There are 2 protein chains.
Amino acid sequence: VTLGELGERALIERIRDRVDAPGPRVLLGIGDDAALMAWPEPSLLLTTDTLLEEVHFRRATTTLRDVGAKALAVNLSDVAAMGGVPCVALVALAIPARCPVSDVDDLYAGLAEEAARHGVALVGGDTCASPDRVVLTVTLAGTVDGPPLRRSGARPGDVILVTGALGTAAAGFAALERAPLALPSETLAIVHDAHRRPTPRVREGSLIRASGAATAMMDLSDGLATDLAHVARESGTGAAVRLGALPVAEATRAVARALGVDPRSWAVSGGEDYELVFTATPDEAPALAARVRAETGTAVTVIGEIRPASEGIRFLDEAARPVAVHPGFDHFAR
Amino acid sequence: VTLGELGERALIERIRDRVDAPGPRVLLGIGDDAALMAWPEPSLLLTTDTLLEEVHFRRATTTLRDVGAKALAVNLSDVAAMGGVPCVALVALAIPARCPVSDVDDLYAGLAEEAARHGVALVGGDTCASPDRVVLTVTLAGTVDGPPLRRSGARPGDVILVTGALGTAAAGFAALERAPLALPSETLAIVHDAHRRPTPRVREGSLIRASGAATAMMDLSDGLATDLAHVARESGTGAAVRLGALPVAEATRAVARALGVDPRSWAVSGGEDYELVFTATPDEAPALAARVRAETGTAVTVIGEIRPASEGIRFLDEAARPVAVHPGFDHFAR
């Protein structure tokens, strides 16, 4: 059965049946003109992101279940980067009428899985027929208990830290585009999963903010080079990153060897890792890193230092010499 | 200068310069991972809608300024339909890199105009390059002071009322698609404007809800036949509408005559009028209608009556005989 045969009303009913498990704060979910939440919190965080077929994903290498999960995950990552707690999401979906109904089922299965993992209720949205490709826009609302952790608070002398490993998603993307690679399936699974199903660092972000020890935070969506430049610009600083300190997974190194690529280029410019980059004073950074590791099991690595603005953003090799790096992803640049 | 030449960062800065006039409740607008609002209200209304080029608009007949305004207006209409007050909006834009930067300026000029008209702050969003067409998703957050007015509260015997006139937007769409028509420019301007720049009935919706006299409300986006069926289904009722009672503007009648169309078909099935349909008991309806007219200047017309579910949804001619009507717009049906 195609979506064109099912029709809009039956489609909305189908979606409602699949996702309408309203949380305690949801007074009205899918089915009226707007969703209504009880909102006793004094703060409201809002963020939105679009995933476009052929731009952010290709159906040849990714299932719609993964696309659904990822569309929510990238928004969760934005809330994590403020140290917030995600609460409710809206889903605007444009999809060709010729697609089978199972495509929408798959997409919402992924959305619902990711939502359940983070205690998020899917409360509404919009559906329309797209002439050619799937377009999925998720909007996430959350809250933050006190001031959020912004991009603008880094100061010269602060230590730069990241969660998890860098370049894994880029390795996964490269491995999928250049498949098949002669590598163990466990190795490929690690990098494929990082690309298809990023793990937003929601608990980590909340903990880092609540500690009071961090000075700035941002999530890594366009690559360290681009995103650290945002932190430096908003903070009015420069930054120095030691390439040798960047955390790179063994699986990423294996894919890089197979493809003849320097894995550090993925770590610096690859994008879509959805790890957190944050800053803290040298006094407070070690205890903060240890606490995040202990409470979440997620690695935290010191990768460099915030510097005066006059020094710009520098990536340094083992001999502390600046290395030119690719600037990372720009949606519009050719 | 194209968007590809400008690049993503400069584009975001440009948007930020144009729209970042944060309202009193906006703690963080464009430029961080998520927007942050002080939210002392106990309720949160959320709604989202996508406008797709070649589906919802064509650049040959509509400016991007109008598209920007309309993308916000259709969301304002959803908040109006709950009797809510709109507060802040997010904009997710996918647009081809080959487009001139002035396209984005035009789009945001329209968004900013509509936002200013309703006291809404544009607080964030997402931009990405689209391979072929413009895709604009706006998410609107608002609040409602007490229980919202739902679709589900209509009861048999209630009177059905609508704001404004019906079929004007459909007349405008038809006039644009069949241009040039030999009609006075003032006539064409009325119907073109209704199609390009719908007027969300925000004050009217808030007043209707606050009166306590209305039993159900919804905005008319897909046409009266489709949308009244939603109200009836959610309320567990039927409905009877007198075709002769439908408010149709003189300009709509003139376009219908020029095109040889029955204007009542636009009023019933045309869609995109973004008027409000609401219900009230026969005792309370006259005073409610008079009050909305007096306080907003907007026409309010009684068009029929809520009936038991067993009678279904009927459209009646002058002799009270049921007439078959087109079911209205379904995004997926062919």
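The values are calculated or read from the model by the stated rules, or taken from the named source; none is laboratory data. Since we're looking at a predicted model, the values are computed, not measured. Every residue, glycine among them, receives a Cβ derived from its backbone with ideal geometry; neighbour counts consider all protein chains shown. The accessibility values were calculated without ligands, DNA or RNA, using every heavy atom of the protein model including side chains. Shrake-Rupley method; radii C 1.70, N 1.55, O 1.52, S 1.80 Å.
Criterion applied to B:T199, B:T143, B:T163 was being among the polar types (S, T, N, Q), at pLDDT 95 or above and open to solvent by less than 10 Å² (accessible area, probe 1.4 Å), and the one residue passing it is B:T163. From the residues in the stretch B:77-88 that are facing chain A (nearest Cβ under 9 Å) and of a type in the set (G, A, S), which one is farthest from B:V231 (Cα to Cα)? Only one residue tops the list, namely B:G84. Looking at the stretch A:11-25, which of the residues that are more than 10 Å from chain B (Cβ to nearest Cβ) and assigned to a loop (DSSP other than H, G, I, E, B) is surrounded by the fewest Cβ atoms within 10 Å (Cβ to Cβ)? Per the stated criteria, the residue is A:P24. Checking the stated criteria, B:A116 turns out not to satisfy the condition of being open to solvent by 10 Å² or more (accessible area, probe 1.4 Å), outside any loop (DSSP other than H, G, I, E, B), in contact with a Gly (Cβ under 9 Å, 6 or more places away or on another chain) and more than 7 Å from chain A (Cβ to nearest Cβ).
Can you say whether B:L136 is buried (at least 24 other Cβ atoms within 10 Å of the Cβ) and part of a loop (DSSP other than H, G, I, E, B), as far as the supplied structure shows?
Details: buried (at least 24 other Cβ atoms within 10 Å of the Cβ): yes; part of a loop (DSSP other than H, G, I, E, B): no.
When the stated conditions are applied, B:L136 does not pass them.
Would you mind finding the one in A:P147, A:P184 that is out of contact with any Asp or Glu (no Cβ under 8 Å at 6 or more places or on another chain) and under 30 Å from A:S235 (Cα atoms)? I'd like the intermediate steps shown before the answer.
Details: A:P184 fails: under 30 Å from A:S235 (Cα atoms).
None of the others qualify; the one that does is A:P147.
Which fully enclosed helices (runs of 4 or more DSSP H) of the stretch A:184-252 have 1 or more residues being free of Cβ contacts under 8 Å to residues at least 40 places away in the same chain? Reasoning before the result, please.
Working: elements: A:185-196, A:202-211, A:224-235.
Here the list reads A:185-196, A:224-235.
Looking only at the stretch A:26-59, which residues are in contact with a strand residue (DSSP E or B) (Cβ under 7 Å, 6 or more places away or on another chain) and either in a loop (DSSP other than H, G, I, E, B) or open to solvent by 40 Å² or more (accessible area, probe 1.4 Å) (or both)? Within the stretch A:26-59, A:L27, A:G29, A:D33, A:A34, A:W39, A:E41, A:P42, A:V55, A:R59 qualify.
Limited to the stretch B:60-78, what total is found for residues that are open to solvent by 10 Å² or more (accessible area, probe 1.4 Å) and either under 23 Å from A:M37 (Cβ atoms) or modelled with pLDDT of 95 or more (or both)?
So in the stretch B:60-78, the residues open to solvent by 10 Å² or more (accessible area, probe 1.4 Å) come out as B:60-63, B:65-66, B:70, B:78.
Keeping just the survivors that are either under 23 Å from A:M37 (Cβ atoms) or modelled with pLDDT of 95 or more (or both) gives B:63, B:65-66, B:70, B:78.
Number satisfying all stated conditions: 5.
Working only within the stretch A:208-228, note down all residues that are open to solvent by 30 Å² or more (accessible area, probe 1.4 Å) and over 16 Å from the mean Cα position of the chain (by Cα).
Restricting attention to the stretch A:208-228, the residues satisfying the condition of being open to solvent by 30 Å² or more (accessible area, probe 1.4 Å) are A:209-212, A:215, A:221.
Within the stretch A:208-228, A:R209, A:A210, A:S211, A:G212, A:T215 qualify.
Tally the residues that are among the small types (G, A, S) and facing chain A (nearest Cβ under 8 Å), restricting the search to the stretch B:31-76. Spell out the reasoning first.
Restricting attention to the stretch B:31-76, the residues satisfying the condition of being among the small types (G, A, S) are B:31, B:34-35, B:38, B:43, B:60, B:68-69, B:71, B:73.
This time we only want the ones that are facing chain A (nearest Cβ under 8 Å), so: B:31, B:34-35, B:38, B:43.
Summing the residues that are among the small types (G, A, S) and facing chain A (nearest Cβ under 8 Å) in the stretch B:31-76 gives 5.
Could you say which residue among A:R58, A:R117, A:R65 is over 26 Å from A:E177 (Cβ atoms) and among the basic types (K, R)? That would be A:R117, the only listed residue that is over 26 Å from A:E177 (Cβ atoms) and among the basic types (K, R). Every condition in (1) modelled with pLDDT under 95; (2) touching a strand residue (DSSP E or B) at 6+ places or on another chain (Cβ under 6 Å) is met by A:T226 except one, and the failing one is (2).
Of the strands (runs of 3 or more DSSP E) lying entirely inside the stretch A:266-334, those carrying at least 3 residues that are aliphatic (A, V, I, L, M) and surrounded by 22 or more Cβ atoms within 10 Å (Cβ to Cβ) are A:276-280, A:300-308.
The numbered conditions (1) at pLDDT 95 or above; (2) within 27 Å of B:H56 (Cα to Cα) are all true for B:A290 except (2). Of all residues assigned to the stretch B:100-113, none qualifies as being facing chain A (nearest Cβ under 7 Å), more than 15 Å from the chain's Cα centre (by Cα), open to solvent by 10 Å² or more (accessible area, probe 1.4 Å) and of a type in the set (G, A, S).
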